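Have a look at the structure below before the remarks.
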Amino acid sequence: MPRPQRRIIASIILLLFLAFWVWGAATIGSQLNSAPKWLTLIFYLVAGIGWAVPLKPVFNWMNSGPEES
């Protein structure tokens, strides 16, 4: 599959995953109103940085293979 097609597919996967990730983070974050501040901070740090870990294989796949002009 040519790299431009892989990038389009990966972009769609990325947008769908991020929509789900933001929805999940907002839902769980709204439940942390009575939690200690340190726990809320840890949650938002993980939620803010952790989205890239599950998408690493998608990024690798998107940039693999021969580059076609």
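Details
- Peptides 33-40, 15-22, ordered by how many other C-beta atoms sit within 10 Å of their residues on average, highest first, read 15-22, 33-40.
- Net length gained if the chain between Thr40 and Ile12 were fully extended (0.36 nm per residue, minus Cα distance): 7.1 nm
- Span-like helix ranges in the chain, DSSP H, alpha carbon extent 20 angstrom or more, Kyte mean at least -1.0: 3-30
- Surface composition of the chain: carbon and sulfur atoms hold 73% of the protein heavy-atom accessible area at a 1.4 Å probe.
- The P(r) of the chain has a tail past 20 Å containing 44 percent of all C-alpha pairs.
- Taking the helices alone, the chain has a mean residue ellipticity at 222 nm of -25500 deg cm²/dmol, built from -39,500 (n - 2.57) per DSSP H run of at least 4 residues and averaged over all its residues.
- The chain, relative contact order in percent, only Cα pairs under 8 angstrom and at least six apart counted: 68
- Rolling a 1.4 Å probe over the heavy atoms of the protein chains gives the chain an accessible area of 76 Å² per residue.
The values are calculated or read from the model by the stated rules, or taken from the named source; none is laboratory data. Predicted, not measured: the structure shown is a model, and the values here were computed from it. Here Cβ is always computed from backbone atoms with ideal geometry, including for glycine, and neighbour counts include all displayed protein chains. Ligands, DNA and RNA are stripped out before the accessible areas are found, and what is left, the full protein with its side chains, is counted by its heavy atoms. Shrake-Rupley method; radii C 1.70, N 1.55, O 1.52, S 1.80 Å.
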